[in-house]
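Q: Quick one: the structure is below, and I'll ask about it shortly.
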């Protein structure tokens, strides 16, 4: 009889959130073993900085022109030893083991395994990593309106990113050219936004915004007359005050959310913890700030990403109360695996299990997604086994929940089956 872990390992994951660079860009990058594990905006860099490592040191560590892998490792080794047990580091350790057979990461191990990186180069290496992560479909936020070409890796699906629209920094001329709609009035701006969504409605799986990095999640309704002042300033090239940028963004977000409801495209919104270091205004990030928006547009489906960490408790209540709120565990397993495990246990006993999506690695390189996917499987199995051991779930029920979280919920929600 299979263990719960073995059952979960066999589930082909519907990956609901990555930032994977394109196969073409990956081929041009030709990542070495250090870049494959630690490079291209890898989250482990943030923990290294938190321990006191400088950005200059990290740049030197990631310098592929230096082929002395062991010497590069020595630059960050003391910082790694300080953070090697965090969720981010755990994912790196797992990836190193799966991809290169490394049990303990150090300079010698990386140097000795560096030749194995050739099998993860190019489009075939990109595809090999995805296959090793056992991912069936992958949703990618490439920070663009135009879905990239997916012919080389058909399993890649794309989000339409609207962050610059929601934070008021959008360049009207670029949007006008893209949509072929002149933008000289607020009314024309509305038409351009509606056109943008209609243009890509069948090519994308969701609309994505991470405006919590540049402004508050708090939203207020803005009518055309109140938007006019901010619109004219922006169109004229006058720098917007933070207030004017929010007014313009709130007006545009309402247009986007309403049109998304009409087109039946879900909205993904970053909530909670920021990537990076040294700039995270916690007062911007709470999921509860979205409640006025969710209430105003009950026919639009909202996905609150990353469990709103560290405000995850709010999402248990919000998703329980509002039928149009769904929650994604993407990135959460690596931010804080213990808290995420507890969140899943509490979710099972609080919120319909069909409203939770179980995995997104949020990574830029497929080699890193290998580690994040295995980490999520391990922690999910550990979480559900705890429920079984406590007599709260049968093994069959736990297996069914795992299938729901890792695949079935997403397929149904995104109309993929």
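Q: Of the conditions (1) under 18 Å from the mean Cα position of the chain (by Cα); (2) under 15 Å from residue 18 (Cβ atoms); (3) modelled with pLDDT of 95 or more, residue 126 clears all except one; give me its number.
A: Of the numbered conditions (1) under 18 Å from the mean Cα position of the chain (by Cα); (2) under 15 Å from residue 18 (Cβ atoms); (3) modelled with pLDDT of 95 or more, the odd one out for residue 126 is (1).
Q: When you scan segment 258-277, how many residues do you find that are out of contact with any helix residue (DSSP H, G or I) (no Cβ under 7 Å at 6 or more places or on another chain) and part of a helix (DSSP H, G or I)?
A: Of the residues in segment 258-277, 3 are out of contact with any helix residue (DSSP H, G or I) (no Cβ under 7 Å at 6 or more places or on another chain) and part of a helix (DSSP H, G or I).
Q: Looking at the structure I just gave you, is residue 25 under 24 Å from residue 210 (Cα atoms) and in a helix (DSSP H, G or I)?
A: yes
Q: Given the structure, is residue 66 without any contact (Cβ under 8 Å) to a residue 24 or more places away in the chain and part of a helix (DSSP H, G or I)?
A: no
Q: Could you pull out the residue among 359, 364 that is touching a helix residue (DSSP H, G or I) at 6+ places or on another chain (Cβ under 7 Å) and either in the same structural domain as residue 407 (by TED's automatic domain parsing) or farther than 30 Å from residue 48 by Cα (or both)?
A: That would be 359, the only listed residue that is touching a helix residue (DSSP H, G or I) at 6+ places or on another chain (Cβ under 7 Å) and either in the same structural domain as residue 407 (by TED's automatic domain parsing) or farther than 30 Å from residue 48 by Cα (or both).
Q: Out of 379, 347, which single residue is in contact with a strand residue (DSSP E or B) (Cβ under 8 Å, 6 or more places away or on another chain), assigned by TED's automatic domain parsing to the domain that holds residue 308 and in a helix (DSSP H, G or I)?
A: That would be 347, the only listed residue that is in contact with a strand residue (DSSP E or B) (Cβ under 8 Å, 6 or more places away or on another chain), assigned by TED's automatic domain parsing to the domain that holds residue 308 and in a helix (DSSP H, G or I).
Residue-by-condition table, conditions (1) under 20 Å from the mean Cα position of the chain (by Cα); (2) assigned to a helix (DSSP H, G or I); (3) closer than 30 Å to residue 86 by Cα:
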{"residue": "245", "(1), (2), (3)": "no, yes, no"}
{"residue": "279", "(1), (2), (3)": "yes, no, yes"}
{"residue": "293", "(1), (2), (3)": "no, yes, no"}
{"residue": "299", "(1), (2), (3)": "no, no, no"}
{"residue": "316", "(1), (2), (3)": "yes, yes, yes"}
{"residue": "333", "(1), (2), (3)": "yes, yes, yes"}
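Q: Then there's this: Please state which one of 102, 58 is without any contact (Cβ under 8 Å) to a residue 24 or more places away in the chain, surrounded by 16 or more Cβ atoms within 10 Å (Cβ to Cβ), out of contact with any strand residue (DSSP E or B) (no Cβ under 9 Å at 6 or more places or on another chain) and in a loop (DSSP other than H, G, I, E, B).
A: Step by step, each of 102, 58 is checked, and only 102 is without any contact (Cβ under 8 Å) to a residue 24 or more places away in the chain, surrounded by 16 or more Cβ atoms within 10 Å (Cβ to Cβ), out of contact with any strand residue (DSSP E or B) (no Cβ under 9 Å at 6 or more places or on another chain) and in a loop (DSSP other than H, G, I, E, B).
Q: Hey, any hits in segment 134-150 for a residue that's in the same structural domain as residue 245 (by TED's automatic domain parsing), modelled with pLDDT under 95 and out of contact with any strand residue (DSSP E or B) (no Cβ under 8 Å at 6 or more places or on another chain)?
A: Scanning segment 134-150 turns up at least one residue that is in the same structural domain as residue 245 (by TED's automatic domain parsing), modelled with pLDDT under 95 and out of contact with any strand residue (DSSP E or B) (no Cβ under 8 Å at 6 or more places or on another chain).
Q: Regarding segment 386-404, can at least one residue be identified that is within 22 Å of residue 156 (Cα to Cα) and either free of Cβ contacts under 8 Å to residues at least 60 places away in the same chain or more than 20 Å from the chain's Cα centre (by Cα) (or both)?
A: Yes - at least one qualifying residue is present in segment 386-404.
Q: Here is a follow-up. Restricting the search to segment 133-177, which residues are surrounded by fewer than 16 Cβ atoms within 10 Å (Cβ to Cβ) and assigned to a helix (DSSP H, G or I)?
A: 173, 174, 177
Q: Please work out if residue 86 is under 22 Å from the mean Cα position of the chain (by Cα) and modelled with pLDDT of 95 or more.
A: Yes, satisfied.
Q: Out of curiosity, is residue 155 modelled with pLDDT under 95 and farther than 15 Å from residue 371 by Cα?
A: Taking the combined requirement at face value, the residue satisfies it.
Q: Please specify each residue of segment 281-291 satisfying the condition of being part of a helix (DSSP H, G or I) and either over 20 Å from residue 322 (Cα atoms) or touching a residue at least 60 places away in the same chain (Cβ under 8 Å) (or both).
A: 282, 283, 284, 287, 289, 290
Q: Here's a check for you: in segment 228-243, which residue that is touching a helix residue (DSSP H, G or I) at 6+ places or on another chain (Cβ under 8 Å) and part of a helix (DSSP H, G or I) is surrounded by the fewest Cβ atoms within 10 Å (Cβ to Cβ)?
A: Among those residues, the one meeting the criterion is 229.
The values are calculated or read from the model by the stated rules, or taken from the named source; none is laboratory data. It should be emphasised that the depicted structure is a prediction, and the values quoted were computed from it without experimental measurement. As a convention, Cβ positions derive from the backbone with ideal geometry for all residues, glycine included, and neighbour counts pool all protein chains shown.
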